[in-house]
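Notes follow once the structure below has been shown.
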Amino acid sequence: MKKILITGKNSYVGRSLEKWLGNYPDSYSIDSISLRNDSWKEKDFSEYDVVFHVAGIAHIRETKENAHLYYKVNRDLAIEVAQKAKNESVEQFIFLSSMSVYGIETGVIDKESPLKPKSNYGKSKLEAEKLITNLEDNFFKVAILRPPMIYGKGCKGNYTKLAKLALKTPVFPEIDNKRSMIYIDNLSEFVKCVVDNCGSGLFFPQNNDYVNTSRMVELIAKAHGKRILLTGLFNPLLFLIKRNETVSKVFGNLTYEENLSKNSNAQFNSFVDFEESIRLTED
């Protein structure tokens, strides 16, 4: 049995993984702790095989006033937890990073893509990655996960905004775009594979298939018994304003090269297909 400690008791990803691994009570023992105060420093990590660090700041609007918080939480706290894990003989440390470390809104990310984060979120995650990776040795394995947009029931972020729009509008642009995304249960299964294999290095989990935004909105509406008309009438306007950050995030192409994810963990395949994932999210 593997003993896993999730740091980030109230995190969406952490709670989802705990629920997912609860389906295998004979294989995993899971605890989770909050890092909101210093009480975690008194926790004995030595009884755990794996620490999965998911605590961090993500879905808040960045300002000059809160910029320092990203580095305090996403970088400094992460390295402090990782150092404690290593000092107390934990075998594997899994760090939840982000696609944001690349700093691009459109394009294809492959193994040669440069790391040029633009946001404090992306910069703090990348700095944490480097510091944590430096701790790795033969007895302390470090796995860095860089998932794309995560979605699922109860998630926050851009998916929620799209879902609200899908239920309000009778029409939506029909755009032939591709985006890397990952359904929360698929991410949990991916983490399970990394734990089972005591994997180390960089990992790029994503659904088996790229997501088309228009198709996603159509399926969200369908899950609520609502029909939505997809039309290309708005496409010329969207093309004119394609430099707009919001438009790029919704309708642009942003993908991990398929082989990047396949090479990162050959035994992983999406547990839930795209259409079923939307139905479960909206159920």
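Can you tell me the accessible area per residue over the chain, all protein chains present, probe 1.4 angstrom, in square angstrom?
Details: 14600 Å² over 283 residues.
Solvent-accessible surface per residue comes out at 52 Å².
Rounded to the nearest angstrom and listed largest first, the equivalent-ellipsoid semi-axes of region 107-161 from its Cα gyration tensor are 25, 16, 12.
Computed over region 143-237, the alpha-carbon pair-distance distribution with 10 angstrom bins reads 15, 40, 27, 13, 5, 0, each value a whole percent.
Which value, in Å² and to the nearest 10, is the accessible area of LEU167 when all protein chains are kept and the probe is 1.4 Å? Accessible area of LEU167: about 80 Å².
For region 3-124, averaging the sequence separation of C-alpha pairs within contact (under 8 Å, six or more residues apart) and dividing by the residue count gives a relative contact order of 26 percent. Taking HIS68, HIS53, HIS224 and ordering them by how much accessible surface each has at a 1.4 Å probe, largest first, produces HIS68, HIS224, HIS53. Under conditions of 37 °C and 0.692 mPa s, the chain yields 166 µm² s⁻¹ as its translational diffusion coefficient, taking Rh as the Kirkwood radius over Cα pairs in the Stokes-Einstein equation. Of the residues MET216, MET1, MET99, MET149, the one with the largest accessible area comes first in the ranking MET1, MET149, MET99, MET216, computed with a 1.4 Å probe on protein heavy atoms. Applying the criteria of a DSSP loop state and at most 13 other Cβ atoms within 10 Å to the GluC sites (Glu not before Pro) of region 110-187 yields GLU112. By a 1.4 Å probe calculation restricted to protein chains, ARG279 has an accessible surface near 110 Å², given to the nearest 10. Here the accessible area of the chain is 50 percent carbon and sulfur, with a 1.4 angstrom probe and all protein chains present.
Taking N as the residue count of region 84-225, its C-alpha radius of gyration divided by 2.2 N^0.38 Å amounts to 1.22.
Per the Kirkwood treatment, what hydrodynamic radius in Å, one decimal, follows for region 27-145 from the mean inverse distance over all distinct Cα pairs? Working shown, then result.
On the way: mean 1/r = 0.0655 Å⁻¹.
Evaluated on region 27-145, it is 15.3 Å.
Based on Cα contacts under 8 Å between residues 6+ apart, region 92-136 shows a relative contact order of 41 percent.
The values are calculated or read from the model by the stated rules, or taken from the named source; none is laboratory data. Computed from a predicted structure; not experimentally measured. Note that we place each Cβ from the backbone using ideal geometry, even for glycine, and neighbour counts take in every protein chain shown. All accessible areas refer to the heavy atoms of the entire protein, side chains included, with ligands and DNA or RNA removed. Shrake-Rupley method; radii C 1.70, N 1.55, O 1.52, S 1.80 Å.
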